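The values are calculated or read from the model by the stated rules, or taken from the named source; none is laboratory data. Note that the coordinates shown come from a computational prediction; the quantities given were computed from them, not determined experimentally. No Cβ is skipped: glycine too gets one built from the backbone with ideal geometry, and neighbour counts run over all protein chains shown.
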Ligand SMILES: NC(=O)c1ccc[n+]([C@@H]2O[C@H](COP(=O)([O-])OP(=O)(O)OC[C@H]3O[C@@H](n4cnc5c(N)ncnc54)[C@H](O)[C@@H]3O)[C@@H](O)[C@H]2O)c1
């Protein structure tokens, strides 16, 4: 199977590293994105996202002529779609997946498809999304045949291959991780396996498209349910005056127990989102998965309440001061350690609530960003360096266990709320 030209649709945190790694294998890659800024940045050999090592690979791929970005799709032998799959805006509270980006990407590539092409959906998707994508493609190109009607003999092959890389380690994991490859037919799986063979050193395991979709959702739901258990324990332990970090260390001495660590909630683009894709399709059956989401989604408000308690504690120890005199420093805004990604971040939502509620000075320490999100700036929060925040804070709130925060020496008398147990 020959893939002389490969097109990656959506050049974000997943699509750009994928495009660059394939281009580094000396394949011609056409990256497509609707964001002109992203396209221009990439064509200069630069990157518009933060991911270790990615800048060098993109720079080399563009300079050597293997990677080019464009707004308009062009003909290729394989298309990898890595566009967002958020919730529907109008149904925000019901957590219904929004497939309009996949639909738009399908409609955009349909005119350039030709017999023998392979289309792979990499976006995290609810079960059935790959079949839906194939239906949109077929609707736009009645002159071509697709697996849903022509099976193994189809002109176009279609597969779902979910991405499971860890932000911050994407370049290594893209190559090293095993891949689940869910073709709509066995031939589709075979074609997709050949494509990933270009750059994946992990094992490629084939299955159906629906199972591949569910596999990705299951992986993240497993993580979410287990984190919810740890988060629930942290709330129970707080009430019972037990140190949850010590408790978990002790319980994990049991040979068959492995409890995860609690935190300020669960964020990011995946774990906090994907379980809802199962719940929205099977609301009556996915009871544990839904409860885990609710436990994890409730944790940020619990942390806000703890910070308010800490402020109260500071004020009772300093009766000459009022709430207006209290400086709160939040350490970390990203959704996980050592990255710049603030999307769906529980730390950001806690900081935003605190800034909204607290009349005193609010300092934000986030070493991975150069400017605060607008809503925080508008409300008067300031981005501060570690030393500055430590020098001024009355209450320090540890929200993300970034490497930089682990060696901090806390002044005596500083009131601390530590959601990750690193300042214990
Ligand atoms: N970020 C992660 O760590 C991660 C991990 C695994 C899976 N995923 C999944 O991968 C998918 C992509 O996530 P991401 O983090 O790369 O998102 P992202 O927002 O970083 O990037 C998506 C890109 O797609 C572009 N885009 C949107 N519509 C388009 C269209 N019609 N045509 C071309 N480009 C279009 C956007 O401009 C953006 O640059 C999502 O389904 C996500 O759930 C993400």
Just need a number here: residues in region 360-379 that are in a loop (DSSP other than H, G, I, E, B) and either closer than 21 Å to residue 338 by Cβ or at pLDDT 95 or above (or both).
-> 10
Among the helices (runs of 4 or more DSSP H) lying completely within region 30-130, list those that include at least 3 residues that are more than 30 Å from residue 142 (Cβ to Cβ) and either in contact with a strand residue (DSSP E or B) (Cβ under 9 Å, 6 or more places away or on another chain) or modelled with pLDDT of 95 or more (or both).
-> 36-43, 54-63
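This table checks each residue for (1) within 22 Å of residue 16 (Cβ to Cβ); (2) surrounded by fewer than 24 Cβ atoms within 10 Å (Cβ to Cβ).
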| residue | (1), (2) |
| --- | --- |
| 102 | yes, no |
| 108 | yes, yes |
| 111 | no, yes |
| 114 | no, yes |
| 123 | yes, no |
| 128 | no, yes |
| 134 | no, no |
| 147 | no, no |
Just a yes or no: is a residue in region 33-52 away from the ligand (no atom under 16 Å from the Cβ), touching a residue at least 12 places away in the same chain (Cβ under 8 Å) and touching a helix residue (DSSP H, G or I) at 6+ places or on another chain (Cβ under 6 Å)?
-> yes
Pairs, please: C-beta under 6 Å, at least 6 apart or cross-chain, first residue in contact (Cβ under 8 Å) with a residue 40 or more places away in the chain and in region 129-147, second assigned to a helix (DSSP H, G or I)?
-> 130/209; 133/102; 133/106; 134/148; 147/188
Filter region 91-121 for residues that are touching a helix residue (DSSP H, G or I) at 6+ places or on another chain (Cβ under 7 Å) and on the phi > 0 side of the Ramachandran plot and give the result.
-> 95
Those residues of region 155-168 which are within 13 Å of the ligand (Cβ to nearest atom) and either out of contact with any helix residue (DSSP H, G or I) (no Cβ under 9 Å at 6 or more places or on another chain) or not assigned by TED's automatic domain parsing to the domain that holds residue 78 (or both) amount to 167, 168
Selection within region 245-267 - in contact (Cβ under 8 Å) with a residue 60 or more places away in the chain and surrounded by fewer than 21 Cβ atoms within 10 Å (Cβ to Cβ) | 245, 261
Residue satisfying condition, being within 12 Å of the ligand (Cβ to nearest atom) and under 18 Å from residue 77 (Cα atoms), within set 114, 107, 103, 190 = 107
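Determine whether residue 241 is loosely packed, with under 15 Cβ neighbours inside 10 Å and at pLDDT 95 or above.
Numbers: loosely packed, with under 15 Cβ neighbours inside 10 Å: yes; at pLDDT 95 or above: yes.
Considered against the rule, which asks whether it is loosely packed, with under 15 Cβ neighbours inside 10 Å and at pLDDT 95 or above, residue 241 comes out as yes.
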Please state which one of 22, 57, 71 is within 13 Å of the ligand (Cβ to nearest atom) and in the same structural domain as residue 115 (by TED's automatic domain parsing).
-> 71
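With 424, 404 as the choices, which residue is in contact with a helix residue (DSSP H, G or I) (Cβ under 7 Å, 6 or more places away or on another chain), outside the structural domain of residue 315 (by TED's automatic domain parsing) and at negative phi?
On the way: 404 fails: outside the structural domain of residue 315 (by TED's automatic domain parsing).
Exactly one of 424, 404 is in contact with a helix residue (DSSP H, G or I) (Cβ under 7 Å, 6 or more places away or on another chain), outside the structural domain of residue 315 (by TED's automatic domain parsing) and at negative phi, namely 424.
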Can you tell me which residues in region 253-270 are within 16 Å of the ligand (Cβ to nearest atom) and farther than 23 Å from residue 301 by Cα?
-> none
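For region 412-424, which residues satisfy the criterion of being in a loop (DSSP other than H, G, I, E, B) and touching a strand residue (DSSP E or B) at 6+ places or on another chain (Cβ under 9 Å)?
Our first condition is that a residue be in a loop (DSSP other than H, G, I, E, B); within region 412-424, this holds for 412-414, 419-424.
Result: 414, 419, 420, 421, 422, 423, 424.
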Count, please, the residues in region 295-308 that happen to be free of Cβ contacts under 8 Å to residues at least 12 places away in the same chain and either crowded, with 21+ Cβ neighbours inside 10 Å or farther than 19 Å from residue 233 by Cβ (or both).
-> 0
